[in-house]
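Below you'll find the structure, written out as structure tokens, and then a few comments.
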Amino acid sequence: MQKENNKKRDGFQGQKAVIIPRKILQRYCAKNPIISSLYLTDIGYYPKARFHYRERPNGSDQHILIYCKEGSGTVLIKKEKMYINAGDFFIIPAKTAHVYAANEENPWTIYWIHFKGILSGSIISLIEKRMKGLKGFLQFDSTNISLFNDIYREVQRGYGIDHLIYANMCLSHLLTSFIYNDKFEPNGKLAKKDVTDLAIDFLKRHLDEALTLEEIARSVNLSATHFCSLFKKKTGFSPIEYFSHLKVQKACQYLLFTKLRVKEISLELGIDDPYYFSRIFSKVMGISPKDYREKRGH
């Protein structure tokens, strides 16, 4: 992947890196109830990293995420070779043998993080599931880079507990932007919607109606059976159950911000029977509409 005599692990002009001492990680991160589930161990930035090369036959103790902002390179993970270009990112699960290297003629500029924690393995599994592999694409967004820089700046200031908590809470946000990279475009607008998103939009426009499964499925031009399967796979709920949740969410707003009676709210949500409405509300919220208003009202 590289000429042997040109290999470099680090030492690039303009590079940045912070390796948090392992004693600090054990004392302040691994045992902290706020951040023990997910915490940073290393973070860095290598611009135009010509001859950059790393080989770990036994893998790393931490999970690794590398984002390529510019240039190109290659990575070999689990005997799978991948070509990395601007906008691509890849993950390397802990304890997984790997090799990666910058392209000699067009060296990559990369942002990288190592992380671990109680939930880190589950997060890696989620990324793999959504990307259908170990490689993904994230269109350049200054928000993501700004978030990376915030994390780097905070840990660079030292290892006080406030710095560590702040940086690691930001880490969750940063990883989320990679996990759900298809959700939003760089301008912050929702990206192209699938049938589930379109159906949810339809449900929100018709909260004052009593829709059937067939009517909801018809709104996205699918059979009820096929639509229900797709919807439940993505959301974890049936369309009708999800519709009830949206109605209850709207009911909470009515209870908090209007003086409408429970019966009137029920009618606003397309439910003729206020007792049935109260049962749905109580099932979702664990409290009756009347008690919700009394306890939540300001």
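The values are calculated or read from the model by the stated rules, or taken from the named source; none is laboratory data. What you see is a predicted model; the values in this text were computed from it and never measured. Note that we place each Cβ from the backbone using ideal geometry, even for glycine, and neighbour counts take in every protein chain shown.
Please work out if Ala49 is assigned to a loop (DSSP other than H, G, I, E, B), touching a Pro at 6+ places or on another chain (Cβ under 6 Å), assigned by TED's automatic domain parsing to the domain that holds Tyr159 and touching a residue at least 24 places away in the same chain (Cβ under 8 Å). Yes: the conditions hold for Ala49. Only residues that are of a type outside the set (Val, Ile, Thr) and surrounded by 15 or more Cβ atoms within 10 Å (Cβ to Cβ) were counted across segment 246-257, and they come to 7. Restricting attention to segment 164-194 and to residues that are of a type in the set (S, T, N, Q) and outside any helix (DSSP H, G or I), the residue that is modelled with the highest pLDDT turns out to be Asn181. When the test is whether a residue is of a type in the set (Ser, Thr, Tyr), more than 19 Å from Leu211 (Cα to Cα) and either in the same structural domain as Glu209 (by TED's automatic domain parsing) or touching a Lys or Arg at 6+ places or on another chain (Cβ under 7 Å) (or both), Ser266 does not pass it. The condition of being surrounded by 15 or more Cβ atoms within 10 Å (Cβ to Cβ), assigned by TED's automatic domain parsing to the domain that holds Lys132, touching an Asp or Glu at 6+ places or on another chain (Cβ under 7 Å) and hydroxyl-bearing (Ser, Thr, Tyr) holds for only one of Thr96, Thr109, Thr74, that being Thr109.
Residues satisfying the criterion are present in segment 136-143 (criterion: closer than 23 Å to Gln15 by Cβ and touching a Phe, Trp or Tyr at 6+ places or on another chain (Cβ under 8 Å)). Scanning segment 24-40 for residues that are β-branched (Val, Ile, Thr) and within 19 Å of the chain's Cα centre (by Cα) gives Ile34, Ile35.
Filter segment 16-42 for residues that are in contact with a strand residue (DSSP E or B) (Cβ under 9 Å, 6 or more places away or on another chain) and in a loop (DSSP other than H, G, I, E, B); which is nearest to His63 (Cα to Cα)? So, considering only residues that are in contact with a strand residue (DSSP E or B) (Cβ under 9 Å, 6 or more places away or on another chain) and in a loop (DSSP other than H, G, I, E, B), the one nearest to His63 (Cα to Cα) is Leu38. Whether any residue in segment 127-143 is aliphatic (A, V, I, L, M) and surrounded by fewer than 20 Cβ atoms within 10 Å (Cβ to Cβ) is what I want to check. The answer is yes, given that some residue of segment 127-143 is aliphatic (A, V, I, L, M) and surrounded by fewer than 20 Cβ atoms within 10 Å (Cβ to Cβ).
In segment 114-156, of all residues being more than 25 Å from Arg22 (Cβ to Cβ) and of a type in the set (Lys, Arg), the one that is nearest to the chain's Cα centre (by Cα) corresponds to Arg130.
Within segment 213-237, the set of residues being touching a residue at least 12 places away in the same chain (Cβ under 8 Å) and either surrounded by 15 or more Cβ atoms within 10 Å (Cβ to Cβ) or among the hydroxyl-bearing types (Ser, Thr, Tyr) (or both) comprises Leu213, Ile216, Ala217, Ser219, Val220, Leu222, Phe227, Cys228, Leu230, Phe231, Thr235.
When the strands (runs of 3 or more DSSP E) confined to segment 74-163 are screened for residues that are of a type in the set (A, V, I, L, M, F, W, C), those reaching at least 3 such residues are found at 88-92, 98-102, 109-116.
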